[in-house]
1. Pull out all pairs, ordered by first then second residue, where Cβ-Cβ is under 9 Å, the residues are six or more apart or on different chains, the first lies in segment 80-103 and is within 17 Å of residue 53 (Cβ to Cβ) and of a type in the set (Gly, Ala, Ser), and the second is surrounded by 18 or more Cβ atoms within 10 Å (Cβ to Cβ) and at pLDDT 95 or above.
2. Kindly evaluate residue 303 against the criterion of being charged (D, E, K, R), at pLDDT 90 or above and surrounded by fewer than 23 Cβ atoms within 10 Å (Cβ to Cβ).
3. Collect the residues in segment 319-344 that are over 19 Å from residue 266 (Cα atoms), part of a loop (DSSP other than H, G, I, E, B) and not β-branched (Val, Ile, Thr), keeping them in residue-number order.
4. Could you grab me the full set of residues in segment 363-384 that are modelled with pLDDT of 95 or more, crowded, with 21+ Cβ neighbours inside 10 Å and in contact with a helix residue (DSSP H, G or I) (Cβ under 7 Å, 6 or more places away or on another chain)?
5. Given the residues 347, 367, which is the only one that is over 16 Å from the mean Cα position of the chain (by Cα), of a type in the set (Phe, Trp, Tyr) and either part of a strand (DSSP E or B) or under 19 Å from residue 59 (Cα atoms) (or both)?
6. For segment 149-190, which residues satisfy the criterion of being among the β-branched types (Val, Ile, Thr) and either in contact with a Gly (Cβ under 8 Å, 6 or more places away or on another chain) or over 25 Å from residue 110 (Cβ atoms) (or both)?
7. Pick from 266, 312, 324: which is buried (at least 19 other Cβ atoms within 10 Å of the Cβ) and more than 15 Å from the chain's Cα centre (by Cα)?
8. May I ask you to say which residue of 208, 156, 214 is aromatic (Phe, Trp, Tyr), closer than 18 Å to residue 297 by Cβ and surrounded by 19 or more Cβ atoms within 10 Å (Cβ to Cβ)?
Amino acid sequence: MSLLLLSNQFSFGQSVRDTTKICEIKSLPEFFKKEDSVFVVKPLKNDFLLVLPVISLQPANGFIYGAISQYTFRDKHPDDKFSTAYMMATYTTKKQLLIDVKNNLILHRNKLYMGGDWRYYKFSQDNYGLGSDIIPPVGTDFSTKSIEQGMKYDYFKFHQTASILVADDLFVGGGIHFDGYMNINDELLDVENNQLTYHYEYNTLHGFSTKKYFVKGISANIIYDSRDNLVNPNHGWFANVNYKTNLRIQENGSPSSVLFTEFKYYIPLSKTNLQHVLAFWSYNQFMTKGRLPYLNLPAIGWDQQSRSGKGYTQGLLRGQDLCYFETEYRFPITCNQLLSGTVFANFTSTSDRDRDIQLLEYIQPAFGVGLRLLIDKATRTNIIASYSWGSHAQSLYINTGESF
């Protein structure tokens, strides 16, 4: 994999003579450079631009190839936190075109917090029904192919929030949210021969179009963020509570409300090496009022960074409500922290109110291992590869930045 690394200042290289054996932290670009002289300290850089090809394999997409550009930056004050934004354009062997633009920004001396998720997809994805009971226990003769139903559609998403600082690490604000699903082709649907699909039956029951629909809403949110680094935290808390109110969907459907909560917690396990971290992530969505069309229901793999539900294909577990929890242990492998590893486990539960399947009634677990390659030590940016096993499923993921 080739990389192009650009920045407008020097990296921070700490090389101090010491009688004890202390490894200098070294990123991939530095690994190929001549060693710095002792007692030389370069200024901490305030931005980092990464451009690299995307080569990946995921169950929902097949083989993925394209490019990603990620920009990490901060103002010059020592207390300013890093912000990150990236754009990715990829094409897949399933003939999907995916354009993603994401931003997590802390601006104006850490007083303004912005979070954005913009997407345009020429997409295809299999549907599997609602509720986490669709996957039987391990040991049962089962394949997800037996319940998958193919669908093609165009998807446009614009979610953007902005919050202002009201107390130490506490932000309050709001956002706008738009999701559009167009040119829907439910490939197995044959109404004349009574061959119906999950999407068709659900949308027909709840009064939504089966060809296209748009979900438009506004939200209020509260964010608490004491993390030391947004890109790769070593310690701190992150909490986001967002309540979204959706307007009536065209001439059918009904107004609706969705409560979203997300919590992240990072515990350093070593006083001398902060890369030993125990991390926790809780990601939840609850439909509190009204109804949502099928493709807009909460589903794994549809969080901002598309990182939830490792071990399962994107969209496999879907429902009116979703609960996801993941824990991960991160540790250095090499002394210079160029290479590090992770072990993790997660579980997912979704509901299906139409069949009276309650949240947490059925839980689907997964576990996995991962490798991290440090490509910028000032921002602690990694290239990550994770392999995970779920119930009757397994997945490989390659990304930039941490899993959460």
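The values are calculated or read from the model by the stated rules, or taken from the named source; none is laboratory data. Owing to the predicted nature of the structure, the values given are computational and were not obtained by experimental measurement. Note: ideal-geometry Cβ built from the backbone for every residue, glycine included; neighbour counts use all protein chains shown.
1. Sorted first by the residue in segment 80-103, then by its partner, the pairs are 89/98; 89/100.
2. For residue 303, the condition - charged (D, E, K, R), at pLDDT 90 or above and surrounded by fewer than 23 Cβ atoms within 10 Å (Cβ to Cβ) - is met.
3. 319, 320, 335, 336, 338
4. If the condition is that a residue be modelled with pLDDT of 95 or more, crowded, with 21+ Cβ neighbours inside 10 Å and in contact with a helix residue (DSSP H, G or I) (Cβ under 7 Å, 6 or more places away or on another chain), then 364 is the only one that fits.
5. Exactly one residue qualifies, and that residue is 367.
6. Keep residues of segment 149-190 that are among the β-branched types (Val, Ile, Thr), which gives 161, 164, 166, 172, 176, 184.
Across segment 149-190, the qualifying residues are 161, 164, 176, 184.
7. 266
8. None of the other options fit; the residue is 208.
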